[in-house]
Amino acid sequence: MGNDQLIISSVLLLPLLASIINLFFWGKPNLQRTLGGLAVLAHLALSILLLSSIVKNGMLVLNVGGWLHGYGIMLAVDYLSAGMIVLTSFVSALSWFYSSRWFKTKKVGYLFNVVFFTLQLGIIGALMSADLFNLYVWFEVMLVSSFVLLTLGGEKFQLEGSIKYVAINVFSSTIFLAGIGMIYGLTGTVNMAAAGLALDGFADQTLPIVASIFFLVSFGIKAAIFPLFFLLPASYHTPPIGISSYLIALMTKVGIYTLIRFFTIIFPLEGTMLRPLFMILSGFTMVVGVLGAATQNDFRKILSFHIVSQIGYMLMGLAIGTPLAIAGALFFILHNVLVKTNLFFISGLVGQVSGTHSLKKLGGIFSQFPLIALMFAISAFSLTGVPPLTGFWGKYMLAKAGFVSGDWIIVVVSLIVSMITLFSMTKIWNQVFWKPLPDGTVFKQSSIKEAYSAHKPMFWVIGVLTIAILAVSIFPSGYIEFTEKAASVVVERNQYINLILNR
């Protein structure tokens, strides 16, 4: 095994090793926290090494067990998956440290330190998988782990949200298996590259389109697209904010990632009846999500609905399908993970200093905690696409791709949605930060100094994310160039297919 393949194996197996080690130190939360912190930092370092290797050498393939290419378990890492792995590792590390105070609760701390890494294992495995059945296995690892995280604490509202979450995901898994069965029946393989090559030879595309709809439904549930998004607002706001931020940031993006993989490698959308369907779904996802956000009066629920709306922009890039559009969707994933995670983290910090997430009960944050208000403003303006912040660059790339391809209607819809997004962010600003604190309510901490002392990890994590947002905003060219390279590999799929099948 070469050094590059060793790095792939290490990036995948380190979360599993961390989970097992934490299990052996059950009941020792201080030691678990130390080991966990070291593990997330080590994984981030390994992920960056893997990314640098991809930039230097191109796509890497690990043929587990030495089977013929196209058979057995194969792991593949290209620009797209390597970038997603680094982003996953970065957010994992921040979520870990953000939640460090919560770990001290014995009721949840011991198990959290174990399950957190099994979820990370599932996400990394899904990003590396080169065949559909193993992708299904990694999805199940993610499902079980996320269910445990959603229910940690055992509160009634958590259990209610988690039951909805599991029910819809079990349905998604069933649809996924049915789709795998159809692909195998049509092509005789579940390898993505081999299946895509085989489907190219079908003169009648009726059955391949039916099979692809199964995957659209299954992956659409994971990604929270319209009309399959209802599990997100119903369940993701119920656990502690550090966990919900982690789940929202990554689980939906894995869904989008798999949609991009399937509908470029296995069943390209260009020239099929599914392309206009994707365009319609992207528009409805944007509009319904942002209108849902505008009607909410809970800080976290507004942000949850905005996740749905933002997913519509990523789906828009896939629907347009050009290299620039796919690059725009990938840049939008980067933007969304950074900004939405930071907004959720900020909402958690506001909840800690105020004791509530209800807009009616909140107020006075700007006058009492100006640093928190400043960090929120940067992320909120970025979310709405105010130049030169990250959201502007992502929306600019998508709008340009839409106009060039003649899909101007979806571009107009996206611009209108941006205006409504600005309205809902203004609503949060006015209710939470600008208006005076309602009579009869008091803050848990009376000053920024006291808040920092009580919630130091939260401030540091939010600060790091804010700096990352500003860095991408001010120096976007390198990130845009990377997404363009990733998009070219995805759209020009022959390179991926040839390397997987060793042609």
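The values are calculated or read from the model by the stated rules, or taken from the named source; none is laboratory data. In this text, all values refer to a predicted model and were calculated from it rather than measured experimentally. We place every Cβ from the backbone using ideal geometry, glycine too, and count neighbours over all the protein chains shown. To get the accessible areas, we keep the full protein, side chains included, count just its heavy atoms, and leave off ligands, DNA and RNA. Shrake-Rupley method; radii C 1.70, N 1.55, O 1.52, S 1.80 Å.
At a glance:
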quantity: Correct choice for P(r) over Cα pairs in 10 Å bins from 0, in percent that was computed from the model, options (1) 4, 16, 26, 27, 14, 6, 3, 2, 1, 1, 0, 0; (2) 3, 15, 21, 18, 13, 10, 7, 5, 3, 2, 0, 0; (3) 4, 20, 31, 28, 13, 3, 1, 0; calculated: (3)
quantity: Solvent-accessible area, 1.4 Å probe, carbon plus sulfur percent, for the chain; calculated: 70
quantity: 12 Å cut-off, amide nitrogen to a point 7 angstrom out along Lys400 Cα→Cβ, residues in the stretch 290-332; calculated: 324-325, 327-328
quantity: Mean Cα-pair separation over length for the stretch 238-376, i.e. relative contact order, pairs under 8 Å, 6 or more apart, %; calculated: 26
quantity: Cross-link pairs beyond the 25 Å C-alpha cut-off, checked among Lys56/Lys222; Lys28/Lys444; Lys28/Lys456; Lys360/Lys395; Lys253/Lys456; Lys56/Lys395; calculated: Lys56/Lys222; Lys28/Lys444; Lys360/Lys395; Lys253/Lys456; Lys56/Lys395
quantity: Å² per residue, accessible surface of the chain at 1.4 Å; calculated: 37
quantity: Extension gain, Ala294 back to Ile213 (0.36 nm per residue minus Cα-Cα distance, nm); calculated: 26.1 nm
quantity: Estimated FRET transfer efficiency (Thr426, Phe475; beta-carbon r; R0 30 Å; 0.05); calculated: 0.60
quantity: Value of relative contact order over the chain, rounded to a whole percent, pairs C-alpha under 8 Å and six or more apart; calculated: 15
quantity: The stretch 1-153: relative contact order in percent, alpha carbon pairs under 8 Å with at least 6 residues between; calculated: 28
quantity: Glu140, Glu270, reordered so the largest accessible area comes first (probe 1.4 Å); calculated: Glu270, Glu140
quantity: Contour minus Cα-Cα distance for Ile73 and Val137 (0.36 nm per residue); calculated: 21.9 nm
quantity: Ordering of 424-436, 208-220 by burial proxy (mean other Cβ atoms within 10 Å per residue, highest first); calculated: 208-220, 424-436
quantity: Cα lying deepest toward the dipole's positive end in the chain, options Ser414, Phe345, Asn57, charges on Cβ; calculated: Phe345
quantity: For a label point 7 Å along the Cα-to-beta-carbon line of Gln495, residues of the stretch 62-77 with backbone N under 15 Å; calculated: 77
quantity: Ordering of 84-97, 351-364 by packing [mean C-beta count within 10 Å, highest first]; calculated: 84-97, 351-364
quantity: Burial ranking of peptide ranges 257-268, 11-22 (average Cβ count within 10 Å, highest at the top); calculated: 257-268, 11-22
